[in-house]
Amino acid sequence: MNIYFCGSIRGGRQDLHIYQRIVKKLQQYGKVLTEHISYDSLSEKGEDAVLDGDKAIHDRDVEWLRISDVIVAEVTQPSLGVGYELGRAVEMNKRVLCLFRPSSGKVLSAMIRGASTNSLFQVQDYTEDEVESFLEKYFDSINKN
Ligand SMILES: O=c1[nH]c(=O)n([C@H]2C[C@H](O)[C@@H](COP(=O)(O)O)O2)cc1CO
């Protein structure tokens, strides 16, 4: 199974430790195409700028979305890139799980919470200690279907 994990990079790296837990857990279920989002070495600047760097990142990531079976996004730290990826994923009719921590004091965008109209696009509120168990439940349920 190809899994696309979305997490904030230029939107801020505050939640990196949670991304690392999520990616580690997701790797039990399939290949995480975007493992780099969990790297300590990846700063708020983004991946190393090469000639045409941002275009290459965008085109690679859209292709990875296209070949993904499931998209899991940690959406607590707002990120333009994550929002864009989720919009593209909806257009591609992909299965999406968004994870949000209300304990952050933030209020999730209506364009994400409001997109949760069917089982294909789910938004799950969680607390940090529950993250692995929510992922287990989610993957158990999709593996049954
Ligand atoms: O260097 C990068 N590499 C990369 O894969 N992305 C993708 C994956 C992330 O889920 C998302 C983060 O977007 P942003 O940088 O706007 O927070 O965009 C984004 C950047 C930098 O914007």
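The values are calculated or read from the model by the stated rules, or taken from the named source; none is laboratory data. The structure displayed is predicted, hence computed values, not measured ones. Don't worry about glycine lacking a Cβ; one is built from the backbone with ideal geometry, like all the others, and counts go over all protein chains shown. Side chains are part of the model used for accessible areas, which takes the heavy atoms of the whole protein and leaves out ligands, DNA and RNA. Shrake-Rupley method; radii C 1.70, N 1.55, O 1.52, S 1.80 Å.
Return the total of residues in region 12-36 being surrounded by 17 or more Cβ atoms within 10 Å (Cβ to Cβ), without any contact (Cβ under 8 Å) to a residue 40 or more places away in the chain and touching a helix residue (DSSP H, G or I) at 6+ places or on another chain (Cβ under 6 Å).
Number of matching residues: 3.
Condition test on SER141, is it small (Gly, Ala, Ser), at pLDDT below 95 and assigned to a helix (DSSP H, G or I)?
Values: small (Gly, Ala, Ser): yes; at pLDDT below 95: yes; assigned to a helix (DSSP H, G or I): yes.
Criteria met by SER141.
Only one of (1) touching a strand residue (DSSP E or B) at 6+ places or on another chain (Cβ under 7 Å); (2) open to solvent by 40 Å² or more (accessible area, probe 1.4 Å); (3) under 16 Å from GLY30 (Cβ atoms); (4) not acidic (Asp, Glu) fails for ALA73. Which number is that?
(2)
Here is a list: GLY114, GLY81. Which entry is within 12 Å of the chain's Cα centre (by Cα), small (Gly, Ala, Ser) and open to solvent by 20 Å² or more (accessible area, probe 1.4 Å)? Break it down into steps so the answer makes sense when it comes.
Details: GLY114 fails: within 12 Å of the chain's Cα centre (by Cα).
Being within 12 Å of the chain's Cα centre (by Cα), small (Gly, Ala, Ser) and open to solvent by 20 Å² or more (accessible area, probe 1.4 Å) holds for just one of GLY114, GLY81, which is GLY81.
Only one residue in VAL96, VAL107, VAL131 is farther than 21 Å from GLN28 by Cα and β-branched (Val, Ile, Thr), so which one is that?
Answer to the check: VAL107.
Among the residues of region 55-65, are any within 22 Å of SER103 (Cβ to Cβ), in a helix (DSSP H, G or I) and touching a residue at least 12 places away in the same chain (Cβ under 8 Å)?
No, because not a single residue in region 55-65 is within 22 Å of SER103 (Cβ to Cβ), in a helix (DSSP H, G or I) and touching a residue at least 12 places away in the same chain (Cβ under 8 Å).
Would you mind finding the one in ARG66, ARG95, ARG101 that is away from the ligand (no atom under 12 Å from the Cβ) and in contact with a strand residue (DSSP E or B) (Cβ under 6 Å, 6 or more places away or on another chain)? Break it down stepwise before answering.
Details: ARG66 fails: in contact with a strand residue (DSSP E or B) (Cβ under 6 Å, 6 or more places away or on another chain); ARG101 fails: in contact with a strand residue (DSSP E or B) (Cβ under 6 Å, 6 or more places away or on another chain).
After applying the criteria, what remains is ARG95.
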